[in-house]
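*Asks:* Sending over a structure as structure tokens; questions will come in a sec.
Any read-out appearing in this document is the output of simple, stated calculations on the displayed coordinates, not a laboratory observation. Remember, it's a predicted structure, so these values are computed and weren't measured experimentally. Cβ placement follows ideal geometry from the backbone for every residue including glycine, while neighbour counts extend to all protein chains displayed.
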Amino acid sequence: MGGVYRRAGDRRPVFCLPFANVLTVMASSPVAITLTHATLDELAACLPDIRQAPTDHGVVAMVVRRPAEGARDVLGEGMFSEDDGLAGDTWRQRRSRRSADGSPHPDMQVTLMGTRAIRAITPDESRWPLAGDQLIVDLDLTYANLPPGTRLQVGQAILQVTDQPHTGCDKFIARFGVDAMKWVNSPEGRALNLRGIYAKVVAPGAVRPGDTVRKLAI
């Protein structure tokens, strides 16, 4: 399940994430640890910060590969290509209900999620890879700023935003909570693309954390 840990009874606030929806689990020590998810009100409080994301020049915060179902590799460098998306990722093995023949969807090669949105959901960066997005970036991902067809220079690679909706699934609920799912799929959440966006690779190259993300002309 998703969330962040704190000792039971601790009420100290964390930026953009007060605690609610509490599930108490036991750590390896006899001290009880509390696993929590953010509420809709708590997530909404982070919207002003999310709206301040840079519109043209952003930064790559994390590159994540999915080498197998449920597995994650956080990379110091990822190689992106038109044929495979992120090298070593399982995109080519993932069947899609949105493809006529069920094959991997060419417009769903790569997903990008905003740093500020995932931080609102959980400030614990070790949990960010659980979202399943290959790129976590600090950039304005709104439809208004990045409509389908927009090209992004991400490190050495060039990606093109596609029109496929990124809405989350049951795994997202299990990891981050029902309210997080409602938040990203609310009318405002969809307009802001809080769950993220799909893209395809149009020019190959390496991408590293700290690289610039730059919006190009459509």
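*Asks:* Under the rule of at least 5 residues apart or a separate chain, name every residue whose amide H is placed under 5 Å from the amide H of Ala157.
*Replies:* Ala206
*Asks:* Next question, about the same structure. Sequence-distant or interchain residues sharing an amide H contact under 5 Å with Gly177, placed H: which?
*Replies:* Gly2
*Asks:* Also, quick follow-up: Net charge near Gly205: determine it from the other residues with C-beta under 12 Å of the C-beta of Gly205, scoring Lys and Arg +1 and Asp and Glu -1.
*Replies:* Numbers: positive: Arg208; negative: Glu77, Glu82, Asp211.
In short, -2.
*Asks:* At 7 Å along the Cα-to-beta-carbon direction for both Arg92 and Ala45, put a label point, then send me their distance in nm to one decimal.
*Replies:* Between Arg92 and Ala45, the label points sit 4.6 nm apart.
*Asks:* Further question on the same structure: Shape verdict for the range 66-191, please, from the Cα gyration tensor: rounded (a/c under 1.5), prolate (a/b greater than b/c) or oblate.
*Replies:* Judged from the Cα gyration tensor, the range 66-191 comes out rounded (a/c under 1.5).
*Asks:* List every residue whose amide H lies under 5 Å from the amide H of Thr90, counting only residues 5 or more places away in sequence or on a different chain, with H placed 1.01 Å from N in the peptide plane.
*Replies:* Close amide H contacts, sequence-distant or interchain: Arg66.
*Asks:* Check the straight Cα-Cα distances from Lys182 and name the lysines below 16 Å, setting aside those fewer than 8 residues away within the same chain.
*Replies:* Candidates past the 8-residue exclusion: Lys171.
*Asks:* Same structure, new question: Along the positive direction of the dipole of the range 66-218 (beta-carbon charges: Lys, Arg +1; Asp, Glu -1; about the Cα centre), which of Ala71, Leu152, Ala174 reaches farthest?
*Replies:* Of Ala71, Leu152, Ala174, it is Ala174.
*Asks:* Once phi is turned into θ = phi - 60°, what whole-Hz ³J(HN,Hα) does the Karplus curve with 6.51, -1.76 and 1.60 give for every residue of the range 199-204, x standing for Gly and Pro?
*Replies:* With coefficients 6.51, -1.76 and 1.60, one gets 8, 10, 7, 10, 8, x Hz.
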